[in-house]
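First up is the structure itself, then whatever we jot down about it.
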Amino acid sequence: MSTVIRVVYEDGVFKPEEPVHLADKSRVQIVIEPAAPAAPAGDPTGWKAMREFIGLAGKPTTPGETNDAEDHDTLLYGGR
């Protein structure tokens, strides 16, 4: 069975952020994956972060132009 725990690497040691229920001297295998960055404050949907870091959904440059990805509800459902 696999368990995912969040850890901090500090002073050459992996330190769990919460208690880990293992017997003393248990042998386990660790897979290291970077943690996903938290969404910036004031950006609950992630659109701002996506524009800033990925650059896939830039703001429209022409007045009246829409961003189809952000405005998909309007395009699909007529603005309900």
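Please treat every number below as a calculation from the coordinates, not as lab data. Please read all numbers here as calculations on a predicted model, not as lab measurements. Cβ atoms come from the backbone with ideal geometry, glycine included; neighbour counts cover every protein chain shown.
Please work out the FRET efficiency for the pair LYS48 and SER2, using the Cβ-Cβ distance as r and a Förster radius of 25 Å; give the result to the nearest 0.05.
Approximately 0.15, to the nearest 0.05.
Please state, rounded to one decimal and in Å, the Kirkwood hydrodynamic radius that segment 1-50 gives when every pair of distinct Cα atoms enters the mean of 1/r. Please report the intermediate quantities before stating the final value.
Values: mean 1/r = 0.0720 Å⁻¹.
Here the Kirkwood hydrodynamic radius works out to 13.9 Å.
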